[in-house]
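**Q** Sharing a structure, written as structure tokens. Questions coming.
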Amino acid sequence: MLDSYPIVTDLVAIGGGHSHAIALKLFAMNPLANVRITLITDALHTPYSGMLPGYVAGFYSYDETHIDLQRLSRFANIQLYHDRAIGLDLENNKVICQKHPPVAFDYLSIDIGSTPVKNSVPGVAEYAIPVKPVPRFLKQWEKIVQKIQESPHQSHTLAVVGGGAGGVELLLNIQARLETLFKRLQLPINNIKFHLFHRGRELMTGHNSWVSKRLTKILISRGVQLHLGETVSKIKSDRLVCESGLTTEYDRVFWTTQASAAPWIQESGLKTDSRGFLLVEDTLQSVSHPHIFATGDIATMKNHPRPKAGVFAVRQGKPLYENLRNIILQQSLKPFVPQKQYLALIGTGDRSAIASRSFLGFESPLLWRWKDWIDREFMDRFDKLPPMSPSPTKNKSNPVELSRSIQEMYCMGCGSKVGKTTLKRVLNRLKIQKNSDIIVALDAPDDAAIIQIPENQYLVQTTDHFRSLVNDPFVFGEITAHHCLNDLFAMGANPHSVLAMVNIPFGREKNVEETLFQLLSGAISVLEKAEASLIGGHTIEDRELAFGLTCNGLVHPERILHKNGMKPGDVLILTKALGIGTLFAADMRYQAKGRWIEKAIASMLLSNQIAAQILQNCGATACTDVTGFGLAGHLLEMVGNTQIAVELNIEAIPVLDGAIATIQQEILSSLHWQNARASEYLENTELFQSSPLHSLLFDPQTSGGLLASIPADNLDLCLQQLQTAGYSQSVCIGKAIEKEAGNKAIVLI
């Protein structure tokens, strides 16, 4: 987004569906200047519907069948909010989210898919497994496979409700996966029973009779018990009840019936069809709100209604991109007319497929190969990302604003500050906690804040400031607050108050306000839990988002922890895994998997406050936090010029998912090589230099863990308490020893 400043227009996309994935890729390849794009999605990996049955059958891996939205967002230089949209404030043009503050937009696009209708049948919500949202279904499916694998001699009954293409194909591929599993275990699949319930007298409603009869024959030949003309009226914990009185026991039931829309779409005031789906024109614009677009299953085209099928969402991707681009540039929009008929390729679970179009039907393994080639080619668009995007197309729709688009026209010095009215509006929107010993702060601002220091307390101060490593200002605010508070925790201090230092990207007043509000909201959410108050700060406009805090803490003189203080025999505990530096270096190169970054962010968002209390209660003799200088650098600070050395068990060091892979690809942080100079103080490096764990010793961390020494007798209790408190990566990584003459400070073992 560096080339998009100043920010003039906010385009927000809700949902990471097929249309949005295609549109975002096209925006990445042909970016618009002065436009900030934000993707709000509760799932960071979009399953490709065309390959989903093959994934269920075990033909494809997770990465082969999922679009990595984290990686795509990094490539497209857009903001990614990992959150669920739950409503719209159409009066103020804002998206209401579960975790983030309301997100403002100028233009909005919605592609959130659908869910099966389930409220009309008692027990479905409690006991059935809906196939949508797909990510939830896949988690349940993997648990089922694992349970059957662990108890293959037990009998299992699986039922699918819905005999359309989705239900039939799902059942065939579920059966294929389990048959493969039982063959590997060298056991017959007799213990698994399959049932399919369908209210129609024939399967595959909407397809021709040959396709219906052929799939019926395949299901019967594979031992599936078909219940045609049966409408499920109730689901209990162990059985399905049909309107006819038929009752069938089951262990798991999958629900694949007619789709429904998220309730908040209709509740927001958008015009919908009779089933609650957002009604759109041929241009994919809402019929009631033309600055809002919708595609995929959540949308119904007013003039061209079509089935809820992934093929239409894929074909809407490019028209959506073109019309979003055109409306921003104030150009004419183009109509999109979907075809009335389309070719459906239905996998039969045995690497063969049936083609269905109008009155035609055909079955062949060649169709599966063709389908496989089509699907892999589609996914390659998101896997093989080019290294750079071309120069942005200038947005000429706001000439007054865009006259400021040359960075040199922005003043330096005090002229670069964020405007007073903008800052005041943001502060008025924030809920800022104030402690009783804060005399002057933001509620009645002066030239400086004033705080009263209690008796028998020392004031502890620390500061840090860095550029954003994530493309979500709210999460960046959270990460920065955790990172900056860590120095206080490492010294045994309790947070008291903070001053903020903010670099906000150039933009229109309202865009600057929203960025600042999201950023400070994230920081304050962390500060509140730490019982610290924001009491002032400074803001400037710049080309990049950067943030930092000067933190004040209080500590009783007898509770102070220092870096130095280790004693021979003490053991070393690390509370978080390493790998932040290499993972985010890979993320910048589009080489990191989204799930790796997701776990890295979760680690950075884990506060060290409780860990610090546990370590101190367990008799910590020294403590520091592992940040920019890496584990080796901070460990050397703990050793200092003392006569203490450390035996470091390199194999015990906890590592974030993906960090080994990125290290092995020689993807390293720009600070890594300076940190690696510490290797001259390490003993036995020649034994470990080929190990990626050796490189991780110099990997810079952001909001890393605490590194502390405690008496060896307290180790088991300390680790138990840390694990219970949620620090699952906590581990003993070494011990302090007396330094022998001629030996180096850190001995790798």
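Computed from the coordinates by the stated procedures, all read-outs in this text should not be read as laboratory data. None of the values given here were measured: they were computed from a predicted structure. Here the Cβ positions follow ideal geometry from the backbone for every residue, glycine too, while neighbour counts run over all protein chains shown.
**Q** Averaged across orientations, what area in nm² does the convex hull of the alpha carbons in segment 417-558 project?
**A** 8.0 nm²
**Q** Give the relative contact order (percent, whole number) for segment 417-558; include only Cα pairs under 8 Å separated by 6+ residues.
**A** Details: 276 pairs, mean separation 56.0, N = 142.
After rounding, I find 39 percent.
**Q** Could you compute the net charge surrounding His694? Neighbours are other residues with a C-beta less than 12 Å from the C-beta of His694; K and R count +1, D and E count -1.
**A** Numbers: positive: none; negative: Glu651, Glu686, Asp699.
Value of the local net charge: -3.
**Q** Considering only DSSP states other than H, G, I, E and B, which trypsin sites (Lys or Arg not before Pro) in segment 96-177 qualify as loop sites with at most 16 other Cβ atoms within 10 Å?
**A** Taking segment 96-177 and a limit of 16 other Cβ atoms within 10 Å, the loop trypsin sites (Lys or Arg not before Pro) found are Lys99.
**Q** Could you work out the mean projected area of the convex hull around the alpha carbons of segment 562-748, in square nanometres to one decimal?
**A** Dividing the Cα hull surface by four gives the mean projection, 9.7 nm².
**Q** Please compute the alpha carbon radius of gyration of segment 124-258, then divide it by the globular-protein estimate 2.2 N^0.38 Å. Two decimals is fine.
**A** Against the empirical 2.2 N^0.38 Å value, I get 1.02 for segment 124-258.
**Q** Now, a different point. Which GluC sites (Glu not before Pro) from segment 637-724 combine a DSSP loop assignment with at most 16 other Cβ atoms within 10 Å? Intermediate results must be reported in sequence, preceding the final value.
**A** Values: sites: Glu637, Glu647, Glu651, Glu666, Glu680, Glu683, Glu686; in loops: Glu666.
Qualifying residues, ordered by number: Glu666.
**Q** Sequence-distant or interchain residues sharing an amide H contact under 5 Å with Leu32, placed H: which?
**A** Thr393
**Q** Against the longest principal axis of the chain, how steep is helix 134-150, in degrees 0 to 90 to the nearest 10, with axes from Cα atoms?
**A** The helix 134-150 is inclined about 90 degrees to the chain.
**Q** Which whole-number percent gives the relative contact order of the chain, counting Cα pairs below 8 Å spaced six or more residues apart?
**A** The value is 13 percent.
**Q** List the relative contact order of segment 562-748 as a percent without decimals, with contacts defined as Cα pairs under 8 Å and 6+ residues apart.
**A** On the way: 387 pairs, mean separation 85.6, N = 187.
Over segment 562-748, the number comes to 46 percent.
**Q** Read phi for every residue in segment 244-252 and hand back ³J(HN,Hα) as whole Hz from Karplus 6.51 cos²θ - 1.76 cosθ + 1.60, θ = phi - 60°, with x for Gly and Pro.
**A** Running phi through 6.51 cos²θ - 1.76 cosθ + 1.60 with θ = phi - 60° gives 6, x, 4, 10, 10, 6, 8, 9, 9 Hz.
**Q** Tally Lys/Arg at +1 and Asp/Glu at -1 over every other residue whose Cβ is under 14 Å from the Cβ of Ile733; what's the total? Write down the numbers at each step before the final one.
**A** Values: positive: Lys576, Lys735; negative: Asp570, Glu647, Glu651.
Charge balance in the 14 Å sphere: -1.
**Q** Compute the helix-to-body angle for 209-221: its Cα long axis versus the longest principal axis of the chain, expressed 0 to 90° and rounded to tens.
**A** Rounded to the nearest ten degrees, it is 70.
**Q** Calculate how steeply helix 473-490 sits against the longest principal axis of the alpha-carbon atoms of the chain, using the helix alpha-carbon long axis, and give the answer as 0 to 90 degrees to the nearest 10.
**A** 40 degrees
**Q** Oh, and also: Run lengths n ≥ 4 of DSSP H only: what is the helix-derived mean residue ellipticity at 222 nm for the chain, with -39500 (n - 2.57) per run over all residues, to the nearest 500? Display every interim value, and only then the final one.
**A** Values: 24 runs with 248 residues, N = 749.
It lands at -10000 deg cm²/dmol.
**Q** Return the long-range amide H neighbours of Leu554 (sequence gap of 5 or more, or a different chain), with a cut-off of under 5 Å between placed amide H atoms.
**A** When sequence neighbours closer than 5 places are left aside, the close amide H contacts are Val460, Asn494, His496.
**Q** Over its Cα atoms, what ratio of radius of gyration to 2.2 N^0.38 Å does the chain give?
**A** Working it through for the chain, the quotient is 1.07.
**Q** Let me ask something else about it. Tell me which GluC sites (Glu not before Pro) from segment 223-274 have a DSSP coil assignment and no more than 12 other beta carbons within 10 Å of their own.
**A** Glu243
**Q** Further, regarding this structure: Could you give each residue of segment 56-73 its phi-based ³J(HN,Hα) in whole Hz, using Karplus coefficients 6.51, -1.76, 1.60 with θ = phi - 60°, and x for Gly or Pro?
**A** Once rounded to whole Hz, the list reads 4, 6, x, 7, 10, 8, 4, 5, 5, 10, 10, 7, 7, 6, 5, 5, 4, 5.
**Q** Further, regarding this structure: Got a sec to turn the phi values of segment 604-610 into Karplus ³J(HN,Hα) couplings, 6.51 cos²θ - 1.76 cosθ + 1.60 with θ = phi - 60°, whole Hz, x for Gly and Pro?
**A** 5, 8, 8, 5, 8, 4, 5
**Q** If you don't mind, there's one more thing I want to ask. Hey, can you grab everything whose amide H is under 5 Å from the amide H of His538? Only 5+ residues off in sequence or another chain; H modelled, so Pro and N-termini drop out.
**A** Ala500, Met501, Val502
**Q** Separation of segment 131-207 and segment 309-359 by C-alpha centroid, Å?
**A** First find each Cα centre; the distance between them is then 28 Å.
**Q** Moving to a separate point now. How many nm separate the modelled label positions at Arg369 and Glu686, each set 7 Å beyond the Cα in the direction of the Cβ?
**A** The two pseudo-label positions are separated by 5.6 nm.
**Q** Then there is this: Lys384: net charge of surrounding residues, Cβ under 14 Å, Lys/Arg +1, Asp/Glu -1, itself excluded?
**A** -1
**Q** Right, next: So, in segment 124-258, how many Lys pairs have Cα atoms under 24 Å apart, if the pair is 8 or more places apart or on different chains?
**A** Within segment 124-258, the lysine pair count is 21.
**Q** Another question, then. Contour minus end-to-end for Gln613 and Asp716, with contour as 0.36 nm per residue of separation and end-to-end as the Cα-Cα distance?
**A** Going from the current span to full extension adds 35.5 nm.
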